[in-house]
Amino acid sequence: MEQQAREQAFISALTTEQFVLQAARSANVGEMTGRATVYMGAVSSALIAFGFLAQVAAVVLFGLHLLYQQQRAPDRVLRPPAEASSA
């Protein structure tokens with residue numbers, strides 16, 4: 001009887017240890033998934049922001065280019081091609 005009680009206690013301890021380890025592993029996987037989700041969200045948001053900045057920067061650079069061209073030749077007025085040929 002003593003041997004059977006020991007075996008049952010041993011099996012109970014192993015089962016409890018397995019349950020605790022499984023719960024810890026599950027918590028780790030959940031934590032990693034959460035961190036990966038936050039990281040991917042931050043990366044995708046940054047890429048979208050860089051895309052918007054690139055569009056704005058292109059418009060600003062084009063405007064600065066036009067201003068620079070206008071300062072280099074202030075007597076020249078930007079006109080559409082139809083008006084330029086009739087003048």
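The values are calculated or read from the model by the stated rules, or taken from the named source; none is laboratory data. Please read all numbers here as calculations on a predicted model, not as lab measurements. Glycine gets a Cβ as well: all are built from the backbone with ideal geometry, and neighbour counts include every protein chain shown.
Against the condition of a type outside the set (D, E, K, R), surrounded by fewer than 10 Cβ atoms within 10 Å (Cβ to Cβ), assigned to a helix (DSSP H, G or I) and more than 24 Å from the chain's Cα centre (by Cα), how does residue 13 come out, does it pass? Before the answer, list the steps.
Values: of a type outside the set (D, E, K, R): yes; surrounded by fewer than 10 Cβ atoms within 10 Å (Cβ to Cβ): no; assigned to a helix (DSSP H, G or I): yes; more than 24 Å from the chain's Cα centre (by Cα): yes.
In short, no.
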Completion exercise
Among (1) surrounded by 10 or more Cβ atoms within 10 Å (Cβ to Cβ); (2) part of a helix (DSSP H, G or I); (3) at pLDDT below 95, residue 82 falls short only on (1)
